[in-house]
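What follows is one structure encoded as structure tokens, with my remarks underneath.
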Amino acid sequence: MQRHNLFFIRAAIVLITIALLLPVQVAALEKPLILSIHPYLSATEIYKRFGTLADYLGRELGRPVQIIIGSTYESHVEAIGRGEADIAFMGPAPYVRLTRRYGRVPLLAAFETNGSRTYRGVIVVRRDSPVNSLAELRGKKVGFGPPPSTMSNLVPRSMLLKAGVELKHLGKAEFLSNHENIALGVLSGSFDAGALKEDIYNEYALQGLRALAISEPMPDHLFVARAGLPDDLVRKISGILISLRETEDGRRILGSLQKTLTALVPARDADYDPLRKLLAYVEKTGLKP
Amino acid sequence: MKQVSRPRVLGIFMIVLLCFLGVTALFVASQQRHLLYTDTYQHAVQNLDLITDATFESLLKSDYVTVRTFVKRWGETHHEIHEIRVVAPNGYLVADYRKTAPDADEFYTLSKEVVIAGNPLVTIHLVGDYRKAREIMSQLWIRLILSALIIAALLGGALWVTFRKLALAPLEDMVNERTRALTAANQELEQEIGDRISAQEELREREEHFTLILNSIAEGIYDMDLEGNCTFCNPAALRLLGYESAEEVVGKNIHKLIHHTRPDGSAYDEADCSIHRCDQTGQGRHADDEVFWRSDGTSFSVEYWAQSILRDNTPIGIVTAFADITERKQTAEALKRSEKLLQTIIDTEPDCVKMIDAQGKLILMNRAGLDMIEADTLEQVKGECICPLVTSGYRQAFMDLTSRVFEGNSGALTFEMVGMKGRHLWLETRAVPFRNEKNEIVALLGITQDITMRRKLEAQLLQSQKMESIGTLAGGVAHDFNNILTAIIGYGHITLMKMAEDDPHRANIEQILEAADRAAHLTKDLLLFSRKQSADRKPVDLNAVIRNLQKFLVRVIGEDIAIRTALSGSTLTVSADEHQFGQVLMNLVTNARDAMPRGGTLEITTELVTLAEEFIRTHGLAQSGSYALISISDTGQGMDKETIERIFEPFYTTKETGKGTGLGLAVVYGIIREHEGYISVYSEPGMGTTFRIYLPVIACGEAGRKLPLVDELPVGGTETILLAEDNEKVRDLTEKVLRDFGYSVIAAADGDDAVNKYRENMDRIQLLLFDLIMPHKSGKEAYDEIRTLRPDIKAIFASGYSPDILRDKAFISSDVTIVYKPTSPLELLKKVRSVLDQGNT
């Protein structure tokens, strides 16, 4: 008994000493790791959702992780492309653009929502809307997301295109700052229809939204690292993200990132090839992305 | 009146003032409330405008999320706002903030429509409460009330003071003046009443006090009028006179009741009574030699004081105070008796008790003291200084002691004194200071003891001790001489025996032997004096001894001296060595003869005396009872005191050198002490000398027989004798003597040697001749060892020591033969022969 007590006391002393010394060293030696996030939600919401993840990463890496939010989708892509940010969370379309402009970057992890590596976009109307098809949107006021957005801009515009409706056919096309505003704009009657990703739709559906059309599944959002970030650090971050699903704390972090998020899984660049084709298609039809 | 009315007026004034202030405060408060509520409402309207303006931009950009966030933040930061709702024209609730306010009870509701270019965008509804206004109001109320109170106090006080100064002060002064006058008058009255009460109280207390004194006083007190009738009698008087109550005495003629008879029993006429005469003279009376009579007819000694009672200088009666002094008189008598007892003790005290004052004058001296100083009466010496009686050598010490005692010390002194009739006394006095009741030293108290007798005894003891020590010394010397003389005498005799009858040197040897013989006698005398010579004591009749010796004595003293004997008629049997006693007589007679060179008378008397206990004690004798007293008186030249003191010392002689040894009287002294007797001498120069010898008489009346003198020549023998002697010369001599007379001698050097030689020659040896004291093994020890081999062996012991010491020391039974050195050869041969012949006859 006494020997055990002695052991525990010694262990406690060693641990306390390490605990006291480590943060000092880390703070003194290591710069914060910059996590850049595209402005796909309001800044408040982004901090709310990603704050716990950043803290967790910081603890696990022994190095603080600082969140920055790109003022635009474009500046976000530039930040990671130029190596101003160390890691980035980005939508699939910005990723495709990133790789196109700056080449390949290390992939860390990708979203798996409701057990799927892909997600979909939805074109919504109010539940009491008389519109029942995409074609009927001609002459209507439609809300889109910012141009680089995958599910609130690129994909729904390609869907409308396929349905033969171009922007010029619409009564009014407005590009709002994020998916939530699109939902609220439709609900409050400012727009007749709006384009947004499926999980936001699910959030506001009960308040009076109806899905007019749902897109093909597209690879989901992903975490990347800047080119040049040390491999072992990349591996370590990737490992931390992918293993989140395994613990209660990890699952709570996943839930706070997005309610439907079930896991972070290894990302594969090939998954984004269909999106690359879609982008090429849109560009070929003359649409400015 | 003033004290009561002032606060009331002030109170009313304050209440009125407070009421006024209260009404004012209510008015102010209601105005303020209206202003505050209006202001709050206006503020809310402004708030709504602000919200509208703030959301307008966002709404224009369709940024609903920002509107929602703003509304929520606005609601959270404004406590008074309960609800903000942003409603789209289609009724959709774009933003909705609500919070509950349980403590609010007054609300306002505002709405505003956000319109752009005539199209309504949203309508904003705002619900808030008047909480802030209410809080300010409640604070205002507190301030108003406090202010009202402070103002009422300050303003009221100031107004009151002013009012009083102006209006009330003159009136108050008048009232105060009047009140002061009344109070002073009141106090005077109270003082007067108080004085009267205290005077009465004092009077009553004094009366009670006197009554208490009269009741508790131990002395009896009574009053009587001029007719002699008792008018008052205190409890002590009743108790002392034996009455139960005052009624028994008051009103009666007191003289006839208690003072009717004188102490001697004669009638005491009232007219003669000194108490009664008091009123006539006006003088107080005091007496302590009269008696009062109790109710039971007994009387007691009384001391009284009587005094006239005067009123306006006229006597109206007499007061008498008295006390029973029976006990005091008894005490005085007891004191007298005690003094007498003490005086008797002092008078009969055997020691002198005296008191001397500081001048050395005698104050007191008891009978014993008077006897000591040979005074007939105290009056003869009282007031005289006794210092001159002290011999001059001690006078200064005596005076020193006296002054020391008067300094507070005690002391003791031994001194010599000559009595008034010339008697010398040695006195020892102890003196202490005698103090009076003030602790002052008033006299020297001395107890003086006559120690003359004690000093004499001490001197005698000293003398005895001196003689004893000299005797011890002389005895020791004599012993050593004996061994030397034994050799001289022995060899002299042998030489003489072997010499031819006509040898011309024979006369020389005979001279030597004669001188040695004298020396031997001298040592014997010394041993006698030192009691180391054996005394062969037997009961003898002194008278018979003296008669036997008388013819020798006559021859000793010569024809010029007449000798007279007066022997007692009774037989004086004493335990004595006849020879030694003869020597005593011879010595004394010789001395007497020498003291009477021109003739005179020598008188020898014997008588039986009974000595008193004190004589026995003071003269160091062993027992009291009958003593034989032998007195030898001469009519010679006598001796002075100094000579008498030293007369018994050995070697002290007044005779010419060569005529006396100085041992004669020393030997006498030794012999008499040996016989438990006592010898005294009385002599004065020119008056002759008397020696008195006291010897204890024994009951046995049988006188001892006279031992026959043995004059036969020694006879030799052929037996073998074992001789043991550590002194070589003595051994050789003894061996030679014995061999010359035919004996075979085996000589041994000590006890061990003797035992060994006996073992070797056991069959031959018939007699042991052993020195008692030898190294290694004493003669006695050797003898005892040999006796284990042959119990009936015959033995003779030789010794130079005193026989009684020896017998004790060696445990030798008295039937063993001992010869004491120096032994002449003839004596030794006789002893040897007689011991060898013992048992053979």
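The values are calculated or read from the model by the stated rules, or taken from the named source; none is laboratory data. Please read all numbers here as calculations on a predicted model, not as lab measurements. Here the Cβ is made from the backbone with ideal geometry for all residues, glycine too, and neighbour counts use every protein chain on show. Accessible surface areas use protein heavy atoms only, side chains included; no ligands, DNA or RNA. Shrake-Rupley method; radii C 1.70, N 1.55, O 1.52, S 1.80 Å.
Pairs meeting the criteria (first residue in the range B:462-478 and over 13 Å from B:G670 (Cα atoms) and hydrophobic (A, V, I, L, M, F, W, C), second residue in a helix (DSSP H, G or I) and open to solvent by less than 40 Å² (accessible area, probe 1.4 Å), beta carbons under 6 Å, at least 6 apart or on different chains) are B:A478/B:T523; B:A478/B:L526; B:A478/B:L527. Annotation note: Cβ proximity below 7 Å between a residue of the range B:227-242 that is in contact (Cβ under 8 Å) with a residue 12 or more places away in the chain and open to solvent by less than 10 Å² (accessible area, probe 1.4 Å) and a residue that is of a type in the set (D, E) and part of a helix (DSSP H, G or I) (sequence gap 6+ or interchain) occurs for B:G228/B:E270. For the range B:78-85, the criterion of being modelled with pLDDT of 90 or more, surrounded by 20 or more Cβ atoms within 10 Å (Cβ to Cβ) and within 14 Å of chain A (Cβ to nearest Cβ) is met by none of the residues. Counting only helices (runs of 4 or more DSSP H) that fall entirely inside the range B:212-293 and contain at least 1 residues that are at pLDDT 85 or above and in contact with a Pro (Cβ under 8 Å, 6 or more places away or on another chain), no element qualifies.
Looking across the range A:184-213 at every residue that is among the aliphatic types (A, V, I, L, M) and under 19 Å from the mean Cα position of the chain (by Cα), the one that is farthest from A:L257 (Cα to Cα) is identified as A:A195.
Number of residues in the range B:345-362 that are over 32 Å from the mean Cα position of the chain (by Cα) and in a strand (DSSP E or B) equals 2.
Return the residues of the range B:86-123 that are under 17 Å from B:E57 (Cα atoms) and away from chain A (no Cβ under 12 Å); say none if nothing qualifies.
Those that are under 17 Å from B:E57 (Cα atoms) and away from chain A (no Cβ under 12 Å): B:K112, B:E113, B:V115, B:A117, B:G118.
Out of the range A:47-78, which residues are closer than 22 Å to A:L154 by Cα and surrounded by fewer than 21 Cβ atoms within 10 Å (Cβ to Cβ)? Residues satisfying the conditions are A:I69, A:S71, A:T72, A:E74, A:S75, A:E78. Output yes when any residue across the range B:561-568 is under 28 Å from B:E468 (Cβ atoms) and open to solvent by 10 Å² or more (accessible area, probe 1.4 Å), and no when none is. Scanning the range B:561-568, I find no residue that is under 28 Å from B:E468 (Cβ atoms) and open to solvent by 10 Å² or more (accessible area, probe 1.4 Å), so the answer is no. Scan the range A:138-161 residue by residue and report those that are crowded, with 18+ Cβ neighbours inside 10 Å and within 14 Å of chain B (Cβ to nearest Cβ). Answer for the range A:138-161, where residues must be crowded, with 18+ Cβ neighbours inside 10 Å and within 14 Å of chain B (Cβ to nearest Cβ): A:K141, A:V142, A:G143, A:F144, A:G145, A:S152. Among the numbered criteria (1) under 25 Å from B:N409 (Cα atoms); (2) touching a helix residue (DSSP H, G or I) at 6+ places or on another chain (Cβ under 6 Å); (3) surrounded by 15 or more Cβ atoms within 10 Å (Cβ to Cβ), which one does B:A358 miss? So the condition that B:A358 fails would be (3).
If the condition is being free of Cβ contacts under 8 Å to residues at least 12 places away in the same chain and part of a strand (DSSP E or B), then the range B:294-332 contributes B:R311, B:T314. In summary, A:L41 fulfils each of the numbered conditions (1) closer than 20 Å to A:K259 by Cβ; (2) open to solvent by 20 Å² or more (accessible area, probe 1.4 Å) with the single exception of condition (2). Please determine whether any residue of the range B:617-636 is part of a helix (DSSP H, G or I) and modelled with pLDDT under 80. So far as the range B:617-636 goes, yes, one or more of its residues are part of a helix (DSSP H, G or I) and modelled with pLDDT under 80. Could you go through the range B:420-430 and let me know if any residue there is open to solvent by 20 Å² or more (accessible area, probe 1.4 Å), part of a strand (DSSP E or B) and either over 15 Å from B:K354 (Cα atoms) or out of contact with any Ser or Thr (no Cβ under 8 Å at 6 or more places or on another chain) (or both). Checked against the condition, which is being open to solvent by 20 Å² or more (accessible area, probe 1.4 Å), part of a strand (DSSP E or B) and either over 15 Å from B:K354 (Cα atoms) or out of contact with any Ser or Thr (no Cβ under 8 Å at 6 or more places or on another chain) (or both), the range B:420-430 yields at least one hit.
Taking the listed residues B:L342, B:L370, B:L335, the one that is without any contact (Cβ under 8 Å) to a residue 60 or more places away in the chain, open to solvent by less than 60 Å² (accessible area, probe 1.4 Å) and in a helix (DSSP H, G or I) is B:L370, with no other qualifying.
For B:D517, the criteria (1) touching a residue at least 40 places away in the same chain (Cβ under 8 Å); (2) surrounded by 15 or more Cβ atoms within 10 Å (Cβ to Cβ); (3) not β-branched (V, I, T) hold in every case but one, which is (1). I'm trying to understand the selection: among the residues of the range A:248-278, which are in contact with a strand residue (DSSP E or B) (Cβ under 9 Å, 6 or more places away or on another chain) and β-branched (V, I, T)? Hits for the range A:248-278 are A:T260, A:T262, A:V265. The set of residues from the range A:89-129 being open to solvent by 10 Å² or more (accessible area, probe 1.4 Å) and within 14 Å of chain B (Cβ to nearest Cβ) comprises A:R126, A:R127, A:D128, A:S129. A single member of B:E190, B:E201, B:E172, B:E135 is closer than 30 Å to B:P102 by Cβ and part of a helix (DSSP H, G or I), and it is B:E135.
Of all residues in the range B:675-726, those satisfying the criterion of being among the acidic types (D, E), out of contact with any Pro (no Cβ under 7 Å at 6 or more places or on another chain) and either modelled with pLDDT of 80 or more or within 19 Å of B:A544 (Cα to Cα) (or both) are B:E684, B:E719, B:E725.
Of the strands (runs of 3 or more DSSP E) contained entirely in the range B:716-804, those carrying at least 2 residues that are touching a helix residue (DSSP H, G or I) at 6+ places or on another chain (Cβ under 9 Å) and closer than 27 Å to B:L526 by Cα fall at B:765-771, B:794-799. Among the residues making up the range B:52-76, none is at the interface with chain A (Cβ under 8 Å from one of its Cβ atoms), of a type in the set (F, W, Y) and open to solvent by 20 Å² or more (accessible area, probe 1.4 Å). Scanning the range B:30-42 for residues that are surrounded by 15 or more Cβ atoms within 10 Å (Cβ to Cβ) and either of a type outside the set (S, T, Y) or touching a Pro at 6+ places or on another chain (Cβ under 8 Å) (or both) yields B:Q32, B:R33, B:L36.
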